[in-house]
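S.K.: Just passing along the structure, written as structure tokens.
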Amino acid sequence: MSERQIRSLGIEREGQASIISYNEGDPAHGHVRLETLYTGFSAGTELTFMKHTNPYFHSRWDGDRGVFVPGEPSLHFPVPFLGYMEVARVVDSRDPAFHRGQILATTFGHKTGHTADPSRDVLIPMPDDLDPVLGVFVAQMGPIAANGILHADAEHFGTQVTRLGQSLTDKPVLVIGAGAVGLMTALFARQAGASEVLVADPSPWRRERLEAMGFLAMHEDDAWHYARTHWHSGGERGADFVFQTRAHSGSLHSALRALRPQGTVIDLAFYQGGADDLRLGEEFHHNGLAIRCAQINRVPRGLGHLWDRRRLGAETVSMLRKEQPTVLREVITHIVRFDDGPAFLGELVQRRPEFMQIVFQVAE
């Protein structure tokens with residue numbers, strides 16, 4: 001094959017998205033050339049680049065010490081690459097494990113194509129019985145939610161987790177936030193056999209869709225009251241686990257209020273503006289609660305050799321097989337042409353329309 005042009009959706013300056021182009025050479029031995037079909041938009045993370053609120057604009061991550069160093073920005077405009085929820089078709093393979101025409105779920109950004117190194121990139125084959133657009137959840141977003149479930153399992157079972165969601169079986173679960181992470185978490189909780197799955201979100205539009213998916217849906221102020229009123233066992237009231245996915249510290253405080261004594265918030269949120277609404281001297285202190293941060297760059301300690309990204313991706317495929325009609329109907333609410341991406345992102349910031357999951361369509 002010959003050199004080809006790749007187009008990438010990025011951020012030119014605050015509030016302004018654009019498409020840039022660059023040339024990509026032939027794939028090297030062992031590499032796989034991909035043509036993008038769909039790429040999913042992760043609003044919670046990617047809008048921080050549009051709004052100039054991402055911490056990398058204001059500080060530098062010191063990987064050796066594991067801390068951010070303020071006043072030393074490591075990111076500047078323009079930001080040429082965004083995204084991590086891709087579905088692509090193999091158009092040339094120099095690796096015998098992959099073949100031309102194969103559909104893969106992967107993570108490389110909002111680009112028209114990519115040359116992948118299987119030794120470094122996550123490449124998960126999509127089964128024939130799944131609509132390819134569902135692949136936007138398989139390599140990253142689904143595993144993020146599955147990792148949250150895994151953190152709950154580890155709280156109860158330590159390193160002896162044999163089944164994803166075994167800590168949730170026959171127990172009520174509260175998920176705060178109906179973005180993509182919250183929705184995937186709720187779907188995993190249902191698959192795990194939770195006795196009841198309540199999803200809290202401030203948007204009446206989203207709550208209607210949640211109810212259409214078979215979930216109990218409430219505003220979070222009502223949700224923590226419900227958990228404290230209706231969920232009780234052995235004299236204790238509240239949830240064992242609350243999965244907090246909204247980027248608001250007030251939602252984290254609501255999650256703490258919903259827990260039974262010594263319960264745990266599994267925190268999947270990204271707080272950009274501090275935590276002014278969080279009160280650690282109240283329920284957190286008096287009920288002996290815990291907050292467990294669960295992020296995709298690490299699974300619970302002691303489980304990494306068993307639960308890697310590919311296994312979490314396989315769990316996502318299993319869940320999507322059961323929930324495919326519901327996800328296609330209620331979760332993927334916007335499919336936008338790739339070329340219309342910059343204008344759409346500008347509209348998203350200016351007008352903030354209601355959405356569940358936004359997908360950019362790149363090729364047929």
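S.K.: Can you confirm whether residue 337 is without any contact (Cβ under 8 Å) to a residue 60 or more places away in the chain and within 17 Å of residue 42 (Cβ to Cβ)?
M.R.: It is false that residue 337 is without any contact (Cβ under 8 Å) to a residue 60 or more places away in the chain and within 17 Å of residue 42 (Cβ to Cβ).
S.K.: Ok, one more. Restricting attention to strands (runs of 3 or more DSSP E) lying wholly within the range 84-192, give those where 2 or more residues are closer than 23 Å to residue 220 by Cβ and touching a helix residue (DSSP H, G or I) at 6+ places or on another chain (Cβ under 9 Å).
M.R.: Here the list reads 172-176.
S.K.: For the subset of the range 351-363 comprising residues that are more than 13 Å from residue 42 (Cα to Cα) and either surrounded by 15 or more Cβ atoms within 10 Å (Cβ to Cβ) or free of Cβ contacts under 8 Å to residues at least 24 places away in the same chain (or both), which member is farthest from the chain's Cα centre (by Cα)?
M.R.: Filtering the range 351-363 for residues that are more than 13 Å from residue 42 (Cα to Cα) and either surrounded by 15 or more Cβ atoms within 10 Å (Cβ to Cβ) or free of Cβ contacts under 8 Å to residues at least 24 places away in the same chain (or both), the one farthest from the chain's Cα centre (by Cα) comes out as 351.
S.K.: Sort out which residues of the range 37-57 are in contact (Cβ under 8 Å) with a residue 24 or more places away in the chain and in a helix (DSSP H, G or I), and write them in order of number.
M.R.: Answer for the range 37-57, where residues must be in contact (Cβ under 8 Å) with a residue 24 or more places away in the chain and in a helix (DSSP H, G or I): 43, 44, 45, 46, 47, 48, 49, 50, 55.
S.K.: From the list 92, 64, 121, exactly one residue is within 30 Å of residue 25 (Cβ to Cβ), free of Cβ contacts under 8 Å to residues at least 40 places away in the same chain and acidic (Asp, Glu). Which is it?
M.R.: Exactly one of 92, 64, 121 is within 30 Å of residue 25 (Cβ to Cβ), free of Cβ contacts under 8 Å to residues at least 40 places away in the same chain and acidic (Asp, Glu), namely 121.
Conditions (1) surrounded by fewer than 21 Cβ atoms within 10 Å (Cβ to Cβ); (2) of a type in the set (A, V, I, L, M); (3) within 21 Å of the chain's Cα centre (by Cα); (4) farther than 18 Å from residue 141 by Cβ, marked per residue:
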site	(1), (2), (3), (4)
178	no, yes, yes, no
201	no, no, yes, no
221	yes, no, no, yes
226	yes, no, no, yes
237	yes, no, no, yes
251	no, no, yes, yes
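Residue by residue, here is whether (1) at pLDDT below 95; (2) polar (S, T, N, Q); (3) farther than 30 Å from residue 264 by Cβ holds:
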| position | (1), (2), (3) |
| --- | --- |
| 55 | yes, no, no |
| 61 | yes, no, no |
| 94 | no, no, yes |
| 145 | no, no, no |
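S.K.: Next up: Give the residue that is most open to solvent (accessible area, probe 1.4 Å), with candidates limited to residues of the range 338-350 that are in contact with a strand residue (DSSP E or B) (Cβ under 6 Å, 6 or more places away or on another chain) and over 17 Å from residue 180 (Cβ atoms).
M.R.: Filtering the range 338-350 for residues that are in contact with a strand residue (DSSP E or B) (Cβ under 6 Å, 6 or more places away or on another chain) and over 17 Å from residue 180 (Cβ atoms), the one most open to solvent (accessible area, probe 1.4 Å) comes out as 342.
S.K.: Sort out which residues of the range 127-147 are among the hydrophobic types (A, V, I, L, M, F, W, C) and either open to solvent by 20 Å² or more (accessible area, probe 1.4 Å) or more than 11 Å from residue 103 (Cβ to Cβ) (or both), and write them in order of number.
M.R.: 136, 137, 139, 141, 144, 145, 146, listed by residue number.
S.K.: Could you check residue 30 against (1) among the small types (Gly, Ala, Ser); (2) buried (at least 16 other Cβ atoms within 10 Å of the Cβ); (3) more than 25 Å from residue 141 (Cα to Cα) and say which number it fails?
M.R.: (2)
S.K.: Can I ask one more? Residues of the range 33-50 being among the charged types (D, E, K, R) and surrounded by 21 or more Cβ atoms within 10 Å (Cβ to Cβ), which ones?
M.R.: 33, 46
S.K.: Out of 185, 169, which single residue is surrounded by 22 or more Cβ atoms within 10 Å (Cβ to Cβ) and hydroxyl-bearing (Ser, Thr, Tyr)?
M.R.: Just a single option satisfies the conditions, and that option is 185.
So that you can scan it fast, the table gives a plain yes or no per residue for (1) under 29 Å from residue 162 (Cα atoms); (2) modelled with pLDDT under 95; (3) open to solvent by less than 50 Å² (accessible area, probe 1.4 Å):
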| site | (1), (2), (3) |
| --- | --- |
| 243 | yes, no, yes |
| 255 | yes, no, yes |
| 258 | yes, no, yes |
| 278 | no, yes, yes |
| 296 | yes, yes, yes |
| 322 | yes, no, no |
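S.K.: Kindly evaluate residue 60 against the criterion of being open to solvent by less than 40 Å² (accessible area, probe 1.4 Å) and in a strand (DSSP E or B).
M.R.: no
S.K.: Go through (1) open to solvent by less than 50 Å² (accessible area, probe 1.4 Å); (2) of a type in the set (Val, Ile, Thr); (3) touching a strand residue (DSSP E or B) at 6+ places or on another chain (Cβ under 9 Å); (4) within 21 Å of residue 246 (Cα to Cα) for residue 291 and report which single condition fails.
M.R.: The failed condition is (1).
The values are calculated or read from the model by the stated rules, or taken from the named source; none is laboratory data. Note that the coordinates shown come from a computational prediction; the quantities given were computed from them, not determined experimentally. Backbone-built Cβ (ideal geometry, glycine too); neighbour counts: all protein chains shown. All accessible areas refer to the heavy atoms of the entire protein, side chains included, with ligands and DNA or RNA removed. Shrake-Rupley method; radii C 1.70, N 1.55, O 1.52, S 1.80 Å.
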